[in-house]
Structure formats: structure tokens, C-alpha cells
Amino acid sequence: MTAPASPLSPTRATTTPMVVARGVHKSFGKTPVLRGLDLDVDAGEVVCLLGSSGSGKTTFLRCINHLEKINAGRITVAGEIVGYREAGNHLVELSEKEVARQRAGMAMVFQQFNLFPHRTVLQNLIEAPVLVKHEPKAEATERAVSMLSRVGLAGKEKAYPGQLSGGQQQRVAIARALTMRPKLMLFDEPTSALDPELVGEVLDVMRGLAESGMTMIVVTHEMAFARDVADRVVVMDGGTIVEQGAPSTVFDNPQHARTRAFLRKMG
Amino acid sequence: MSQDTQQVAQEAAYEPLRIRERFRPWSWVSTALILVVMAVLLQALLTNPNFQWDVVAKYFLSSSILKGLVHTLELTALSMLIGVSLGTLLAVMRGSRNTALSGASSAYIWFFRGTPLLVQLIFWYNLSSLYPSLVLGIPFTGIDFGSVVTNTVISPYTAALLGLGLNQAAYTAEIVRAGILSVPHGQLDAAASFGMTRGLTLRRVVLPQAMRVIIPPVGNETIGMLKTTSVVSVLAMPELLYSAQIIYARTYEIIPMLIVASLWYLLVTTVLTLIQMQIEKKYAVRGPAAEDGTFKQFVRRAWRTHASRTGTSLAKANMTGARP
Ligand SMILES: Nc1ncnc2c1ncn2[C@@H]1O[C@H](COP(=O)(O)OP(=O)(O)O)[C@@H](O)[C@H]1O
Ligand SMILES: [Mg+2]
């Protein structure tokens, strides 16, 4: 199955997809959570993942960087199968080191920020580049400082996460993700834990990232952001994709009953 | 109305209202009572000739007591070192996905927590009667690299260290495990998402955060160990208490010698408590108004309470932005 050429992005047919998910199944115990999910995301594309709570959005994101192991199907990122290698007609799980190397090429931003509370903002930013990518500390520090100013937090190097507002913490988390120079960024409801007045500052940073050409998969309930920034919105329900397309199409002319129900709920 | 009083009235209107601590008669009564009781106790201690304070003074810095003290400190430090490092290993093993590793750890903890320390000490001391020689080799193959007579390796000192350290490891393992479990799972997800391996995550993310939970009970265990070392007197190890016993066995000055030992235990406990507070400060999580639990902060807080009771530093409190 090949992605149909879309009139919205004429280059799509020529670019290699960044993410290809095929027939992804995932269950927790006996409960199926993802049921044969297919999705392609092109390099530079911004995809917003919508769907009611429990539809499997978080689980799908976590499967993409192998934080959860899938039970069937396959996911490739930048041409590499995530978490497995092919051996004959089997998939064999990769070693911990190889999985770690794959994960270092993508970044995830969590709903709860998950900054390291015992380390300063700067230490949070240089931890992975220095320890995982073995970058010289001076170089990592220099880039960390520039990332901080990119998210509007210049001068906060010495602060501890607990001393920052939620919006600032999430922006630090985004800067931390950027220091790894990811090919792909996964956002899991990055603004859901924030006070309403702090949501805007985080979305602004994400908007800037999208404009810079970053490939992003964003789980969000911010409909205005999805409409403005996404190249494509994907609606999930019950562990599968029920509808996808350009934001204007999906929002203004939803085809699927589940999509209409979801959009009604969101207002 | 004179101009002066008018001005005062105006100033009062602009100045933020001061808060005066409520008068608490019972707090004064209880303080007075405690002071009286303490005075009575102190008098009963110091003026009773039966305590023989002159003997206490005479032996307090005597060389055999000091040697005993050094032994006690050494045993405490080394057995806690064994206890904490082996305990950490056991805690990590316990959390392993490998059931052989986690099972071995559980069994170890079960055995060493389930038998009396005294029995373990005597067991190590008498190891030679069970295994007269110790052999290094490949099991079940008959290939030996060499052997030693057990008694040359197991001195009373090594028996004491083995007994105390291995026993302590079982208890420390549970403390470290609780610390590891206290770290939110999101921290592991974040570390993994950056490509950190489990070992790296444990060292850089989990253990440093677990420290906050681990240190208070480990401090407690260290202070406990300080006194538990006196159990090794059954192996005729001249630690602090046994050194005091040796002296009073000769001179019959039982009470003053026990006071000498107790004063040293108290002194070392005080120092250990201060060290613990400093370490806790190092691992405190910095938040907007986090109390880091240091000794300095403890004093400052006590002073602040005192000051607000007596109303001495209200102006300062206002300046530092205390909310009305
Ligand atoms: N670790 C887990 N163990 C068991 N069930 C889980 C786990 N994680 C998620 N689930 C279940 O999977 C379903 C989908 O969850 P999730 O992916 O978090 O949905 P969403 O992010 O769309 O709200 C839910 O029913 C949830 O209860
Ligand atoms: Mg979710």
C-alpha cells in the first residue's frame, strides 16, 4: 500500500516516509488496545493525533519508540524497524543498546514533563547528549544554551525544574528533546497538565518547531492548534484510525460518525 | 488632636497590620514544668556520689577506651559500607526481570533477616569447625587453584565484619528498594526515550532521586549499627563497650565505666546526626519553597518561631515578602 499523492503536499510522493506503521497490534494482557493500525508520516510533516480518552493514542506513541512492545505488525522510523530486526521471516528483538540507539534518534515530550527534578535546567539539557551521544560537555552546553533561548528561557540554566512554572517546565522539556537533534518528535498531550493561561507559550514553541520543518506527531486536544499547524489530522477510536485528512476537511466535513461525536464533545 | 498623633495615626493606616502571636499560657506552663524536671534530673545526676564522676573523668580519655572507640567506629563504618553496597546490589537484583536474580535476592533477605544476628556472628566465628579449609576452584570438576585454612582467614575481626555487614545488607536492601520504587515511572520513560540504557538510568536518574528516601533510614541504621557493634563482644573483640567491661571487671566501677561508654556513644551519635543532615541537604529536591532539612535551616526555623513569638523581627519578615 502506498500513500496516495496529496494535492496539499506535491512533494510527498518523492520523500521517503519518516514513520511507517503497518498492522500494529498491541494488547495489555487480554485487552487489545491497538487493533491493526496503519499510518505513514512523511519527513517534515506535522500530524495531529486526535481521539477520545482511551482510544490508544498514548500507547501508539509509546510503540513508536519501543517504550511499549507491539504484538504484531511493524513500525519503521527512517527506514529502520523499531525494536526488531528481520531474521528470515521472523522479527527478533534488538539488544538494549541497539534499542537505545534507535530511541536516541527520536524524542518524546510527555504530558507530565518528566524533567529530572534533582538536576538543574542546564544539567537536564546536557545529560543525554553527553552520556548517550558522548558529545564534549562544552559543545553540549553551548547548544543547550541556544536551545533554551529558542524556547524563550534564556538565563534559566541554573534553575531547578521545581522552581519553574508548568509552562516553563514543558518548554525546558522540549529544549531537552531538541538537544538530541531528533529526526522525529512525539508529543503526548504536552499542554494537558498546564493551567489554561500557560498553554499558549508551549503551543507557540511547537508552532515554531513545525515551521522549522521538524517531523512531529502530536497527540492533542487543542483543536485550534491542530487546525492551524497540522498538515494532517488523524482521528483514532478503539485502537484504529477511523478518519484522516487535511484539518479543514476533517474538522469542517467529518465523514465518520465517531469523528463527529468526538468533535461535538470537543466543542 | 495634636499634629504628632495625627501623623502617627496616618502612618498606622499605611503600615501593614502586624501579626502578634496569640498568648498561649499552656506553652509557658509546659516549658516551665520541663525546665524544673530537667533541673531535678541534672541535680540528681551530678550530685549523686554513686555515679563517681571522678572515675568517669579518669577513664574517659584512657587509651584502652579510645582504642575500643576506634574499633567501634571502624566496625560501624566498614559493616555499613558492606551493608549499603551489597544492599544496593540486592535491591537492584530484586527488581530484575531475571527471576533467578530476583529469587536469589529474596532468599538472601529472607535468610539474613530471619535469623538472629548473634547466631550469625557465632556461625562465622566457628566456620572453621564446619569447613576446616576453604578451597578456590571450579565446582564439580575437582579442579582446585588453592586452599587456605579457615582459621587464618576468619579472625574475630573478619567474623564480626561478615556477621554485621551481611546482616545489614538484608535490611539496607529493603530500604534501597523502597527508595527505587519511590521514583515516578515517568522518570524512567524520559530517560529511556533519550536512549539511556537501564544501567545508566539507574545510576544517573533513579538512585540520585531515591537517595532522598534512602538516606534517613540508612542514617537511622548507621546509628543503630554503632550500638549493635557491641554484640561482637561475644567474639572477644575489644570494641567500646567491651573495653569498658574489661576495666570494670577488674575495678568493679561498673556504673562509671558504663557512663564513659554511653557518653561516647551519645557523642558519636550526635556527630552522625549532623553528617546525615548535611547529606540530606545535598539530595534535597529544590522547589519554590522547599525546606531542605539541614541543621542550619532547623536552627533558622527555630529562631523564626521564637522571633515571631517574641515579635522581634517582624520588620524583617515583612521585608522578605511574608504574605499578610
Ligand atoms: N500499561 C498499561 N496496562 C494496562 N492497560 C493499559 C496500559 N496503558 C494503557 N492501557 C489501556 O489502554 C487503553 C488505551 O490507553 P491510552 O493509549 O493511554 O489511550 P489514550 O492516550 O488515547 O487516552 C486504555 O483503556 C488504557 O486503560
Ligand atoms: Mg493518553
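The values are calculated or read from the model by the stated rules, or taken from the named source; none is laboratory data. Just so it is clear, the model here is predicted, and its values are computed rather than measured. Every residue, glycine among them, receives a Cβ derived from its backbone with ideal geometry; neighbour counts consider all protein chains shown. Each accessible area value is taken on the protein alone, full model and side chains, heavy atoms only, with ligands, DNA and RNA left out. Shrake-Rupley method; radii C 1.70, N 1.55, O 1.52, S 1.80 Å.
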Residues of the stretch B:64-84 being within 10 Å of B:Ser243 (Cβ to Cβ) and either among the polar types (S, T, N, Q) or part of a loop (DSSP other than H, G, I, E, B) (or both), which ones?
-> B:Ser64, B:Thr72
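Quick grid of which residues meet (1) surrounded by fewer than 21 Cβ atoms within 10 Å (Cβ to Cβ); (2) free of Cβ contacts under 8 Å to residues at least 60 places away in the same chain; (3) at positive phi; (4) over 17 Å from the mean Cα position of the chain (by Cα):
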{"residue": "A:Cys48", "(1), (2), (3), (4)": "no, no, no, no"}
{"residue": "A:Phe60", "(1), (2), (3), (4)": "no, no, no, no"}
{"residue": "A:Glu96", "(1), (2), (3), (4)": "yes, yes, no, yes"}
{"residue": "A:Gly105", "(1), (2), (3), (4)": "yes, no, no, no"}
Residues that are within 16 Å of ligand 2 (Cβ to nearest atom), at pLDDT 95 or above and more than 14 Å from every other protein chain (Cβ to nearest Cβ): which strands (runs of 3 or more DSSP E) entirely in the stretch A:12-105 hold 1 or more of them?
-> A:17-28, A:31-42, A:46-50
Verdict on A:Ala193 being of a type outside the set (Phe, Trp, Tyr), within 16 Å of ligand 1 (Cβ to nearest atom) and within 14 Å of chain B (Cβ to nearest Cβ) | yes
When B:Asp144 is run through (1) over 23 Å from B:Met225 (Cβ atoms); (2) open to solvent by 10 Å² or more (accessible area, probe 1.4 Å); (3) in contact with a helix residue (DSSP H, G or I) (Cβ under 8 Å, 6 or more places away or on another chain), the failure sits at (3)
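Which residue out of A:Val172, A:Val218, A:Val202, A:Val234 is within 16 Å of ligand 2 (Cβ to nearest atom), within 28 Å of A:Lys133 (Cα to Cα) and open to solvent by less than 10 Å² (accessible area, probe 1.4 Å)?
Details: A:Val172 fails: within 16 Å of ligand 2 (Cβ to nearest atom); A:Val202 fails: within 16 Å of ligand 2 (Cβ to nearest atom); A:Val234 fails: within 28 Å of A:Lys133 (Cα to Cα).
Checking each option against the conditions leaves just A:Val218.
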Specify which of the listed residues (B:Gly186, B:Gly179, B:Gly165, B:Gly199) is farther than 23 Å from B:Leu90 by Cβ and out of contact with any Asp or Glu (no Cβ under 8 Å at 6 or more places or on another chain).
-> B:Gly186
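Here is a yes/no grid of residues against (1) in the same structural domain as B:Val176 (by TED's automatic domain parsing); (2) under 24 Å from the mean Cα position of the chain (by Cα); (3) open to solvent by 50 Å² or more (accessible area, probe 1.4 Å); (4) at pLDDT 95 or above:
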position	(1), (2), (3), (4)
B:Thr222	yes, yes, no, yes
B:Met225	yes, yes, no, yes
B:Thr228	yes, yes, no, no
B:Val231	yes, yes, no, no
B:Gln245	no, no, yes, no
B:Thr251	no, no, no, no
B:Leu266	no, yes, yes, yes
Can you tell me which of B:Leu181, B:Leu161, B:Leu188, B:Leu127 is out of contact with any strand residue (DSSP E or B) (no Cβ under 6 Å at 6 or more places or on another chain) and buried (at least 19 other Cβ atoms within 10 Å of the Cβ)?
-> B:Leu161
Could you please find all residues in the stretch A:110-146 being within 16 Å of B:Pro184 (Cβ to Cβ) and either out of contact with any helix residue (DSSP H, G or I) (no Cβ under 9 Å at 6 or more places or on another chain) or within 16 Å of ligand 2 (Cβ to nearest atom) (or both)?
-> A:Phe110, A:Gln111, A:Gln112, A:Phe113, A:Asn114
Of the conditions (1) open to solvent by less than 50 Å² (accessible area, probe 1.4 Å); (2) closer than 27 Å to B:Met225 by Cβ; (3) out of contact with any strand residue (DSSP E or B) (no Cβ under 8 Å at 6 or more places or on another chain); (4) without any contact (Cβ under 8 Å) to a residue 24 or more places away in the chain, B:Thr150 fails just one. Which one is it?
-> (3)
A:Arg227: touching a Pro at 6+ places or on another chain (Cβ under 7 Å), away from ligand 1 (no atom under 16 Å from the Cβ), open to solvent by 20 Å² or more (accessible area, probe 1.4 Å) and over 28 Å from A:Ser27 (Cβ atoms), yes or no?
-> yes
Given (1) more than 13 Å from ligand 1 (Cβ to nearest atom); (2) buried (at least 17 other Cβ atoms within 10 Å of the Cβ), A:His90 misses just (2)
Criterion (of a type in the set (A, V, I, L, M), part of a helix (DSSP H, G or I) and away from chain A (no Cβ under 14 Å)) met by exactly one of B:Val213, B:Val234 = B:Val234
Quick check, is A:Val82 buried (at least 22 other Cβ atoms within 10 Å of the Cβ) and of a type outside the set (S, T, N, Q)?
-> yes
Test A:Arg143 against the stated conditions and say whether it is among the charged types (D, E, K, R), surrounded by fewer than 21 Cβ atoms within 10 Å (Cβ to Cβ) and within 9 Å of chain B (Cβ to nearest Cβ).
-> no
Taking the stretch A:147-164 and keeping only residues that are touching a helix residue (DSSP H, G or I) at 6+ places or on another chain (Cβ under 6 Å) and either within 21 Å of B:Ser193 (Cα to Cα) or not hydrophobic (A, V, I, L, M, F, W, C) (or both), one is left with A:Met147, A:Leu148, A:Val151, A:Lys156, A:Glu157, A:Pro161
In the stretch A:112-122, anything buried (at least 19 other Cβ atoms within 10 Å of the Cβ) and either more than 10 Å from every other protein chain (Cβ to nearest Cβ) or part of a helix (DSSP H, G or I) (or both) is listed as A:Val121
With the first residue restricted to the stretch A:23-35 and required to be in contact (Cβ under 8 Å) with a residue 24 or more places away in the chain and more than 16 Å from A:Gly73 (Cβ to Cβ), and the second required to be open to solvent by less than 80 Å² (accessible area, probe 1.4 Å) and within 16 Å of ligand 2 (Cβ to nearest atom), Cβ contacts under 7 Å at 6 or more apart or on different chains are none
